[in-house]
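Below is one structure; the comments refer to it alone.
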Amino acid sequence: MSDKKPTPEELFSTIDYKASEKDWSKPHIKFKVGTYNHSGVPKNVEYLELPNARKWQPSDDDWQLPDNWKEIIIDGIKERLDKFRSLKIFMDICVRCGACSDKCHFFIGSGDPKNMPVVRAELLRSIYRNDFTTAGKILGRIAGARELTLDVLKEWFYYFYQCTQCRRCSLFCPYGIDTAEITILVRELLNLVGVNIDWVITPVANSFRTGNHLGIQPHGFADSIEFAVDELEELTGVKVEAPINRKGAEVLFVSPSADYFGTPHYYTLLGYLALFHEVGLDYTWSTFASEGGNFGSFVSHDLMKSLNMKIYAEAKRLGVKWIIGGECGHMWRVLHQYMDTINGPADFLEVPVSPITGTKFDFAKSTKMIHICEFTADLIKNNKIKLDKSRNDHWKITFHDSCNPARAMGLIDEPRFIINSTCNNFYEMPENTIKEQTFCCGSGAGLGTEENLEMRLRGGLPRANAVNFVHEKHGVNLLACICAIDKATLPPLMEYWVPGVEVAGVHEFVGNALIMKGENERKVDLRGEPIGEPEPELEEKQ
Amino acid sequence: MLNKLLRRNTSKIVERWLGLIFDTYGEDASDFFQKKGNRFANPVGSIFSTNAELIFSELINRNDKEHLSIFLQDVVKIRAIQELPPSEAVNFVYLLKKAIKPEVIDKRSDSISLNDYLDLQESIDQLALLTFDIYQEAREDINRIRINELKKYAAVINKQHDGSV
């Protein structure tokens, strides 16, 4: 445990020039219960017109693949190499510098080398070399090539469904290789032979059918929103309007569906409703664009495109001028990185201009859609809403930058500005765990199921470890975030690693702090908990 | 006398113990976990290193069960979610015996009594039993959390069937 630095000679003497005796290229995956997701339900695979719908599970020996599965995959790679120049570049330019190797939360939690982003990508690259490069065809293994076998396919399933597409690794790649893109494409290839997971397939099928992940029908959606309106009135004394499918409204508001059926998401919904009422926003909800989430992006580019299009089709049908999106994660990656080329530009809409402040959101001139945090931060900056920060005094807050808003759209400052404007007690986690370097919740990209819980707890360890630090140092009792998957999966993560820390959306604080015209004296927050009273556990800590 | 020897060689023993623990993860993982540096970039390595020292010091000094439980907890919770069979998950405690052995053998002397040595072995066995309790608690936590997730999901589905969502 000495701090003395070794001399160069000492360091050289420790280099072992022998290659590892283990052969990474011949995998044999054991599927242990608790560490993988169940397969797609056949009726929903069929509904989406995806191939090879059948009853199977990853733990089965026989995956019931089509006889020519190998040909399908190799043709699939060829097609994608021709279609996506990025894939061709990503396959060729990695120099294995190792900058990404220790940046993945699954590797950090497990130490499994195939969770190093460079090695995970190598699982595909080795096949690419074997079938698409001259060196690989001639030199085979020496050139890092290997043949596609059933074991390789099973290995793909295991490791590419252990990637949450969070893109932390990409941040450190000097070549800008986006490993999440590689995951997206391998999942797309797996889907060509009917290898998929139900937590992705069923929500996508439901989104096609009724507009949202859970398959909630229009009347159910309307009931939920009306219920929230009534509850907000009970809490604040103010009856708000929440228009649904109102043609001619200025703004369409799209939020993740969990906001109206999940907890703690629901308190964020109450915050949105209170805010829109207070500033008199002319807006509407849509029963078909009743889902911000785009699980299609976890299956294929085609499904991603269709689900993104649904939002714009509704904007057109309702005749709105522009769109605000709620606290969602990957909806924003799809919007910022793909929308413009797959469905855009949305020329039938207008560049968003806040009717309250007059601010023109030029950065959204092509997509015509802005994040609710951008909308709210602008309101606060222009002093358009009155806030009483003390109403959030019972919370000691830290902020988890949700991967997609942080890394895919650079939404770093706005949520912090809102938290600091609505709360008195905010503490940052360590620098290398937040902002662009944020650690994933460990459950994104469709992995957030209970059957996969152990894997999620492992992948979420780096995030929880940083939360634990501010919990112990400052008595933090609330983890804020702006993603529906985070709100669903961080509570169990906290329950295991950092008991005593709750999870909330940023607009819950806005709803608590917002001084509404005609409101009753607020004695409880949006959760119905007494305002301003520190949690008992917190008092003990102090 | 044995205790004195152990105290004097604490850092050497802990380092050897950690090496043995990290080696249970295989070559590449072991290299990464043993990397010193930022505790947030390598939580497993950092927690194991910090807590192994605390556990060992507590064991040879006060040997207080409550303190040991606290120091063991973070390590065991990590081992409980790493796809290890229970025997391997708690095996790290027995590796301490292996880490201590060279010190005792190298400095074999009449002043180390057999009794002291057997007492130490007994303490480590007790530590292993404590570890197993904590491991079991962690596994129960995982199952409870899993059941709660299912219940939460079922409640939403029920609401949907009732027509209230």
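Quick look at the numbers
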read-out	value
For region A:421-437 versus region A:298-321, the gap between their alpha-carbon centres in whole angstrom	33 Å
Positive-end extreme of charge dipole, chain B - chosen from B:I60, B:L127, B:F32 (charges on Cβ)	B:F32
FRET efficiency, B:T10 to A:T14 (Cβ-Cβ, R0 22 Å, nearest 0.05)	0.35
Restraint check, A:K43/B:K159; A:K26/B:K35; A:K103/A:K154; A:K32/A:K487; A:K396/B:K152; A:K473/B:K97, Cα-Cα greater than 30 Å	A:K473/B:K97
Segment B:Q126-B:K97, extension gain: residue separation times 0.36 nm, minus the distance between their alpha carbons	9.2 nm
Distant-in-sequence amide H partners of A:F426 (H built 1.01 Å from N, under 5 Å)	A:I397
DSSP-defined antiparallel bridges as percent of all bridges, region A:205-541, nearest 5	15 percent
Spatially proximal lysines relative to A:K321 (Cα-Cα < 17 Å; intrachain offsets below 8 disregarded)	A:K247, A:K310, A:K360, A:K365, A:K368
Charge dipole magnitude, Cβ of K and R +1, D and E -1 - the protein assembly as shown, Cα centre, debye nearest 20	1560 debye
Two-site FRET efficiency, A:E231 against A:K83, from Cβ-Cβ distance with R₀ of 45 Å, rounded to 0.05	0.40
Label-point separation in nm, B:D23 to A:I138, each point 7 Å along Cα→Cβ	4.4 nm
Chain B: most fluctuating residue of B:L114, B:L20, B:L68 per GNM, C-alpha cutoff 10 Å	B:L114
Sparse-neighbour loop sites [trypsin sites (Lys or Arg not before Pro); region A:227-281; at most 12 other C-beta within 10 Å; DSSP]	A:K239, A:K247
Proximal aspartates and glutamates relative to A:K316, as straight alpha-carbon distance under 18 Å, when same-chain residues fewer than 8 apart are discounted	A:E250, A:D282, A:E291, A:D340, A:D347, A:E350
Anisotropy class of the protein assembly as shown from Cα gyration tensor, a/c 1.5 cut	oblate
Model label zone, A:K247; criterion: amide N under 15 Å from point 7 Å along Cα-to-beta-carbon; scope region A:302-331	A:314-321
Mean Cβ count within 10 Å, highest first, over the residues of peptides A:118-126, A:44-52, A:64-72	A:118-126, A:44-52, A:64-72
Amide hydrogen neighbours beyond the local backbone of A:L478, cut-off 5 Å, H modeled	A:K396, A:T398, A:E502
Helical contribution to [θ] at 222 nm, DSSP H n ≥ 4, -39,500 (n - 2.57), averaged over chain A, rounded to 500	-13000 deg cm²/dmol
Approximate spin-label separation A:V351-A:Q57, in nm, with each point projected 7 Å along Cα-to-Cβ	5.6 nm
Förster radius 41 Å - calculated FRET efficiency between A:K365 and A:Y427, Cβ distance, rounded to 0.05	0.65
Region A:205-541 shape via C-alpha gyration tensor axes, a/c threshold 1.5	oblate
A:T341-A:A313 pseudo-label distance in nm [points 7 Å out on the Cα-to-Cβ vector]	2.4 nm
Solitary cysteines of chain A, where the nearest other Cys Cβ is not under 4.7 Å	A:C94, A:C97, A:C104, A:C163, A:C173, A:C328, A:C373, A:C423, A:C441, A:C481, A:C483
Shape call, region A:328-384: gyration tensor on alpha carbons, a/c limit 1.5	oblate
About the Cα centre, charge dipole magnitude for region B:2-162 (Lys/Arg +1, Asp/Glu -1 at Cβ), debye	320 debye
Amide H contacts of A:I244 (H built 1.01 Å from N, under 5 Å, at least 5 apart or other chain)	A:W285
DSSP-defined antiparallel bridges as percent of all bridges, the protein assembly as shown, nearest 5	20 percent
Karplus-derived HN-Hα couplings along region A:65-73 (A = 6.51, B = -1.76, C = 1.60, θ = phi - 60°), whole Hz, x at Gly and Pro	7, x, 4, 9, 4, 5, 4, 4, 5
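Taken together, the values in this text are just the output of simple stated rules run on the coordinates, not laboratory data. Every value quoted in this text rests on a predicted model; they were computed, and no experiment measured them. Quick reminder, even Gly has a Cβ in these numbers, built from the backbone with ideal geometry, and neighbours come from all protein chains shown.
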